[in-house]
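K.L.:
Questions regarding the structure given below will be posed in turn.
The values are calculated or read from the model by the stated rules, or taken from the named source; none is laboratory data. Being a predicted model, the structure only gives us computed values, none of them experimental. We place every Cβ from the backbone using ideal geometry, glycine too, and count neighbours over all the protein chains shown.
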Amino acid sequence: MRHAIHIWALTMVLLAAASSGAWAATLQWPLSAPRSALIRFSTAPFPYRGTMPDGETPFLDAHDGARAGHTSGRAGVYWEDQTFSDNRSLIAFPKGFDPRRPAVIVVYFHGNGAILARDVADRQRVIDQVQASGLNAVLVAPQFAIDALDSSAGRFWMPGAFAQYMSEAAANMANLLDVRRDRASFDKLPIILVAYSGGYNAAAYALSVGGAAKRIKGVVLLDAAFGEPDKFADWIERRHNSAFFFSAYLDDAEPGNEKIAGLVTRQGIAASARLPERLGPGSISFVPVGEGANHNDFVTSAWVADPLSWLLARIPGYPRPR
């Protein structure tokens, strides 16, 4: 649980330093040590008091006195105060990050049953995998439903909400490193959107109505094509000349991947079932993963150990200083 401890402790250190301006005197580029924090966002996916994507059904459709909750198709009612109340996001800079060089933002949407510190940082080792990739990237991971069997995107269902979130993320990145004058630079960085499992729902809406589709230079689905195939296919059709799409999957996600691939190929867009040597514009891949992998461990053990690191290392143009 080293990252869980690291994040909680470092959050307080970073926030104190940011408020005092201490980083201005101490930080040098490239970063000599990783920096990470859990930050509250006003534009986070939750809490969310709006409607479902149909525009009519309230998201919070269950009530018990003063408590409000959401009825999940898989697990019954989840109460807002327990499951849909955390507005924090994880921001993590790897050792060696250098804002003076070309950089990207890796946005990670966790799956069901996840908590940022316990699962994204520790169990799924996402911070470690970004570090190991060699990519000059900052990681941003919002909290969705807390430790629940629910894939709701919350505020990210709303048009333009993902772009607003990324603008706030840019401000928080600049504040953490006490380079507030460079907020505009962070707000222009290209985005690599990664979704695992139930993160597909938020990813689909971020691509279709999020307002930042042109900034997204790549999409990675890790056993995650469980719905919204039209939204993924539409984004590929619009952006395949300037971005990549990669989806690796097990048997349960095969129908969704076949649906997306079918929609794409009918538009004359070439897609491959092989692992790519390079992830750049025009690379469209739907890769089945055979025996030896399981869904729960897919982020850390799929066709290789640490598949996210493997993928990020194949994105050209953003090397971190050695």
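K.L.:
What helices (runs of 4 or more DSSP H) lie completely within the stretch 217-322 and have 2 or more residues being touching a residue at least 60 places away in the same chain (Cβ under 8 Å) and in contact with a helix residue (DSSP H, G or I) (Cβ under 9 Å, 6 or more places away or on another chain)?
P.N.:
Where helices (runs of 4 or more DSSP H) fall fully within the stretch 217-322 and carry at least 2 residues being touching a residue at least 60 places away in the same chain (Cβ under 8 Å) and in contact with a helix residue (DSSP H, G or I) (Cβ under 9 Å, 6 or more places away or on another chain), they are 307-312.
K.L.:
Shifting gears a bit: Starting from residues that are surrounded by fewer than 19 Cβ atoms within 10 Å (Cβ to Cβ) and modelled with pLDDT of 95 or more, keep the ones in the stretch 210-230 and report whichever is nearest to residue 52 (Cα to Cα).
P.N.:
Residue satisfying both the conditions and the ranking: 227.
K.L.:
Please indicate, with yes or no, whether at least one residue in the stretch 156-174 is modelled with pLDDT of 95 or more, under 25 Å from residue 238 (Cβ atoms), outside any helix (DSSP H, G or I) and not hydrophobic (A, V, I, L, M, F, W, C).
P.N.:
yes
K.L.:
Please tell me if residue 203 is in contact (Cβ under 8 Å) with a residue 60 or more places away in the chain, part of a loop (DSSP other than H, G, I, E, B) and in contact with a strand residue (DSSP E or B) (Cβ under 7 Å, 6 or more places away or on another chain).
P.N.:
For residue 203, the condition - in contact (Cβ under 8 Å) with a residue 60 or more places away in the chain, part of a loop (DSSP other than H, G, I, E, B) and in contact with a strand residue (DSSP E or B) (Cβ under 7 Å, 6 or more places away or on another chain) - is not met.
K.L.:
Determine which member of the set 284, 315 is touching a Leu at 6+ places or on another chain (Cβ under 9 Å), surrounded by 15 or more Cβ atoms within 10 Å (Cβ to Cβ), among the β-branched types (Val, Ile, Thr) and under 19 Å from residue 194 (Cβ atoms).
P.N.:
315
K.L.:
Being small (Gly, Ala, Ser) and assigned to a strand (DSSP E or B), is that true of even one residue in the stretch 106-126?
P.N.:
Checking the stretch 106-126: at least one residue is small (Gly, Ala, Ser) and assigned to a strand (DSSP E or B).
K.L.:
When you scan the stretch 231-244, how many residues do you find that are under 18 Å from the mean Cα position of the chain (by Cα) and surrounded by fewer than 20 Cβ atoms within 10 Å (Cβ to Cβ)?
P.N.:
1
K.L.:
Determine which member of the set 29, 23, 8 is at pLDDT below 95, of a type in the set (Phe, Trp, Tyr) and in contact with a Phe, Trp or Tyr (Cβ under 9 Å, 6 or more places away or on another chain).
P.N.:
29
K.L.:
Could you check, for the stretch 111-127, whether at least one of its residues is basic (Lys, Arg), closer than 22 Å to residue 210 by Cβ and more than 13 Å from the chain's Cα centre (by Cα)?
P.N.:
Checked the stretch 111-127: no residue is basic (Lys, Arg), closer than 22 Å to residue 210 by Cβ and more than 13 Å from the chain's Cα centre (by Cα).
K.L.:
Another question, then. Inside the stretch 36-70, can you point out the residues that are in contact with an Asp or Glu (Cβ under 8 Å, 6 or more places away or on another chain), within 26 Å of residue 209 (Cα to Cα) and exposed (fewer than 14 other Cβ atoms within 10 Å of the Cβ)?
P.N.:
42
K.L.:
Select from the stretch 175-200 the residues that are in a helix (DSSP H, G or I), touching a residue at least 60 places away in the same chain (Cβ under 8 Å) and of a type in the set (A, V, I, L, M) and list them in ascending order.
P.N.:
176
K.L.:
Now, a different point. Pairs please, first residue from the stretch 101-116 and touching a residue at least 60 places away in the same chain (Cβ under 8 Å), second anywhere and polar (S, T, N, Q) and not in a strand (DSSP E or B), Cβ atoms under 6 Å, 6+ apart in sequence or on different chains.
P.N.:
101/136; 103/136; 111/197; 116/143
K.L.:
Taking only the stretch 56-91 into account, find how many residues are within 25 Å of the chain's Cα centre (by Cα) and in a loop (DSSP other than H, G, I, E, B).
P.N.:
Qualifying residue count for the region: 9.
K.L.:
Also, I was wondering about something else. Of 143, 82, which residue is surrounded by fewer than 23 Cβ atoms within 10 Å (Cβ to Cβ), touching a residue at least 12 places away in the same chain (Cβ under 8 Å) and over 20 Å from residue 301 (Cα atoms)?
P.N.:
82
K.L.:
Something else now. Between 134, 154, 76, 111, which is buried (at least 21 other Cβ atoms within 10 Å of the Cβ) and at positive phi?
P.N.:
154
K.L.:
Can you name the residue in the stretch 273-289 that is over 21 Å from the mean Cα position of the chain (by Cα) and among the charged types (D, E, K, R) and is also farthest from residue 319 (Cα to Cα) among such residues?
P.N.:
274
K.L.:
Now for a separate question. Out of all the residues in the stretch 210-232, is one or more under 20 Å from residue 41 (Cβ atoms), aliphatic (A, V, I, L, M) and in contact with a Pro (Cβ under 7 Å, 6 or more places away or on another chain)?
P.N.:
Within the stretch 210-232 (the criterion being under 20 Å from residue 41 (Cβ atoms), aliphatic (A, V, I, L, M) and in contact with a Pro (Cβ under 7 Å, 6 or more places away or on another chain)), the answer is no, since none of the residues qualifies.
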